[in-house]
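Please read the structure below before turning to the comments.
The values are calculated or read from the model by the stated rules, or taken from the named source; none is laboratory data. Keep in mind it's a predicted model, so treat the numbers as computed, not measured. Don't worry about glycine lacking a Cβ; one is built from the backbone with ideal geometry, like all the others, and counts go over all protein chains shown.
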Amino acid sequence: MISQDDIIHQEILQAALRLYRKSGPTKITMDNVAKATGRSRSSLYYYFKDRDEIFQAVLDRIAESVADEIRVAVAAAVSLNERIYAFCLTKIKTSQEWKRVFTAIDQLMSADEKSKHTKYLDALHQKLIYLERVILAEAMSAESVQPARIPNNAELDMLAFIISSGIRGIRREIYDHNDPHDAKVAIQLLSDMTTKWLQP
């Protein structure tokens, strides 16, 4: 059951994200967030010690939201190939959605401010990679789609790396550089190759 504290915690993070999109994270103070949530500044300190902790929590929530969306799409797929395809397609979709948000935020920051926030964004990237690895492991361990080849931890790490890197490359080339290839066709081929490796 969700507690009142959990609800308030999420309201604070949602308000902070709205403010970041409007003004960038470096210009947002605890007073701004308090006002946006209709609470006192002192009440925010019950949940977060400072604005950097709020920013980190917002990024963590983004990672969890992306992972939740991918997990739901993968769980709805039936075969192993469909699960991998759902993983890839949903990752591209969520990457595009959040890229727009981060681009808007990035444009509101100076070079010094961007440098300060790099460590937080690197941590977000690492968390996403970890969560995606977990989702891929779940996708392959479902009883109904058990592959012939069960990857060990090192192989699973490499597989997650290849799929994630492939998806990032496909998204960047097609959506950022206007490559004429069809994203869904490219994702299907990546899924087919992965499935062939898992089910030789």
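When you check GLU53 against the structure, is it acidic (Asp, Glu), modelled with pLDDT under 95 and either within 21 Å of TYR175 (Cα to Cα) or not in a helix (DSSP H, G or I) (or both), yes or no? Answer is no for this residue. One residue stands out in segment 139-155 among those that are of a type outside the set (S, T, N, Q) and at pLDDT 85 or above: the one that is farthest from LYS196 (Cα to Cα), namely ALA154. Only one entry of GLN126, GLN96 meets the criterion of being surrounded by fewer than 16 Cβ atoms within 10 Å (Cβ to Cβ) and in contact (Cβ under 8 Å) with a residue 40 or more places away in the chain, and that entry is GLN96.
Candidates VAL101, VAL66, VAL72: the one that is farther than 30 Å from ALA142 by Cβ and assigned to a helix (DSSP H, G or I) is VAL101. Just checking, does segment 191-199 include any residue being acidic (Asp, Glu), at pLDDT 90 or above, closer than 14 Å to LEU80 by Cα and part of a helix (DSSP H, G or I)? Yes, segment 191-199 has at least one match. Within segment 25-62, restricting attention to residues that are of a type in the set (A, V, I, L, M) and farther than 14 Å from GLN10 by Cα, the residue that is surrounded by the fewest Cβ atoms within 10 Å (Cβ to Cβ) is MET30. Restricting segment 174-186 to residues that are in contact with a Lys or Arg (Cβ under 9 Å, 6 or more places away or on another chain) and in contact (Cβ under 8 Å) with a residue 40 or more places away in the chain, the residue that is nearest to SER141 (Cα to Cα) is ALA183.
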